[in-house]
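Every number in this text was worked out from the coordinates using simple rules, so none of it is lab data. Please read all numbers here as calculations on a predicted model, not as lab measurements. Quick reminder, even Gly has a Cβ in these numbers, built from the backbone with ideal geometry, and neighbours come from all protein chains shown.
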Amino acid sequence: MSTSTAGLAEHLSRFQAAYDELKAQGLKLDLTRGKPAADQLALSDALLSLPGPARFTDAAGTDLRNYGGALGLPALREIFSELLGVPVPQLLALGNSSLTLMHDVATFAMLHGVPGSERPWGREETVSFLAPVPGYDRHFAITEALGIRMIPVPMNDDGPDVDAVRAALETDPTIKGIWCVPVYSNPTGAVYSREVAEALVSLPAADDFRIFWDNAYAVHHLTDWRPEPIDILQLAADAGNPDRVFVFASTSKITYPGAGVAFFGSSPDNVAWYTRWAAFQSIGPDKINQLRHVQLLTDAAGVLAHMEQHRALIAPKFASVQEVFGRRLAPHGVGSWTDPKGGYFVTLYVTPGVARRAIQLAAEAGIAITPAGSTHPYLDDPDDAVIRIAPTFPTVDDLTLGLEGFCTALLLAEAERAAA
Ligand SMILES: Cc1ncc(COP(=O)(O)O)c(C=O)c1O
């Protein structure tokens, strides 16, 4: 049976009855958490017994138990240099969180400026960032916390809308940065094209304009397809803007979130700038944890093999999202959703004005979905139409049950809207 959206109102009483039945089941399911499930974490449990007794030196014989080594363990930087396309001397292996690095880098920029700044960003009357939407809530939270104004720009299937970025940069000199997740973007799964990357590094902008290139999902594939590698630092150098890009990444969703290793990569001048200010903060990163990671992952091929094991565990969950939405929503013409080839999220677009209500109905039936608005700056989706689905954490059975219930709630919300 196929229903046009306009015909949804006729089904209101049927959808209401289905929803009442759902509510009576007293479910308690949480589909909000974009984090690895326990079976994924178990893939890295060898970390718990590494580096092993009396194994605390690197290839050069340095005692990793001690202070020092501010740039991180060379062997680990080599592994991720290959995977991230950043030359080893320009890639630092640091603490346990890339978000911390993004926060620090933005804070250093506010306090001190970056190479090319006339003054610290914080001494400008207004500092603005472009925020591709839908995007990652924690990126937006960093800029909001630092008092940086955010300007939404639309996110397309191949990256941020370049015309919108160009128009904003041409008219607004307060723009100092843009948030980017170039591979399997959070939350749409979009992969940036080379053309978009080239435009971002070459568009006219302030000398201290920076691209926060958060390559969090560089190796997090769900299919055999592989994104075209984009050497963003080289592209920026070729465009005459060698200092425009800050690269971030981490092993959070490779090994243990919170107990992994984060990376910062950039031009030689930016790396010198970062290490200068970071030296006031730390006498060196946790090199024992970095050694553990070298031992677990071995080399770039070892990381990719490890990620195949993640894929085997989570690809069925992403398939379940496609199956349930296709079976429950498509026949009613309700919603459209992404089918990502990697990363951690699916984005569902519903009729404007329906997202919040659908999530509320789901919550009242015991199914927690990420709050509407969390994909937008200031938690404000002006269309109230974007919903982020995080399939990885629940078991496949709980996920499927939760999605079925959520579809029941969404169909009711859509029918209410159509009937209004
Ligand atoms: C795009 C993106 N960047 C960064 C992070 C968090 O990274 P970390 O654990 O290294 O701070 C996440 C986690 O969901 C993410 O989706």
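Summary of values
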item: Descending semi-axes in Å of segment 86-160, equivalent ellipsoid built from Cα gyration tensor; result: 21, 20, 13
item: Sorted by Cβ density within 10 Å, fewest first, the residues K317, K341, K176; result: K341, K317, K176
item: C-alpha long axis of helix 355-364 to longest principal axis of the chain, angle in °; result: 80 degrees
item: Degrees, to the nearest 10: 287-297 long Cα axis against longest axis of the chain; result: 60 degrees
item: Geometric extent, Cα atoms of segment 273-337 - Rg, Dmax (angstrom); result: 21.5, 59
item: Inter-label distance, nm, simple model (7 Å from Cα along the C-beta direction), A237/W277; result: 2.3 nm
item: Alpha carbon convex hull of segment 54-298, volume per residue in cubic angstrom; result: 117 Å³
item: log₁₀ of I(q)/I(0) at q = 0.06, 0.07, 0.11 Å⁻¹ - the chain, Debye sum with one point per alpha carbon; result: -0.27, -0.36, -0.86
item: Relative contact order computed over segment 343-404 (Cα-Cα under 8 Å; 6+ residues apart), in percent; result: 41 percent
item: Aspartates and glutamates with Cα under 16 Å of K253, excluding same-chain neighbours fewer than 8 positions away; result: D39, D45, D214, E308
item: Calculated diffusion of segment 108-248, Stokes-Einstein form, Kirkwood radius summed over Cα pairs, 25 °C and 0.890 mPa s, µm²/s; result: 161 µm²/s
item: Contact order relative to length of segment 54-298, as percent, for alpha carbon pairs under 8 angstrom and 6 or more apart; result: 27 percent
item: Loop-exposed GluC sites (Glu not before Pro) per DSSP, neighbour cap 14 Cβ within 10 angstrom, longest uninterrupted part of the chain; result: 126-420
item: Hydrodynamic radius by Kirkwood, which averages 1/r over all alpha carbon pairs of segment 216-336, in angstrom; result: 17.8 Å
item: Of K176/K317; K23/K317; K35/K287; K28/K317; K176/K341, pairs whose Cα-Cα distance is over 29 Å; result: K176/K317; K176/K341
item: Likely footprinting exposure, S97, S202, S13, fewest C-beta neighbours within 10 Å first; result: S13, S202, S97
item: Percentage relative contact order, the chain, counting C-alpha pairs under 8 Å, at least six apart; result: 28 percent
item: Estimated [θ] at 222 nm from DSSP helical runs (n ≥ 4, -39500 (n - 2.57)) normalised by residues in the chain, nearest 500; result: -12500 deg cm²/dmol
item: Residue of A190, A46, A199 that the Gaussian network model of the chain assigns the largest fluctuation, springs spanning Cα pairs under 10 Å; result: A46
item: Ranking of S282, S267 by count of other Cβ atoms within 10 Å, fewest first; result: S282, S267
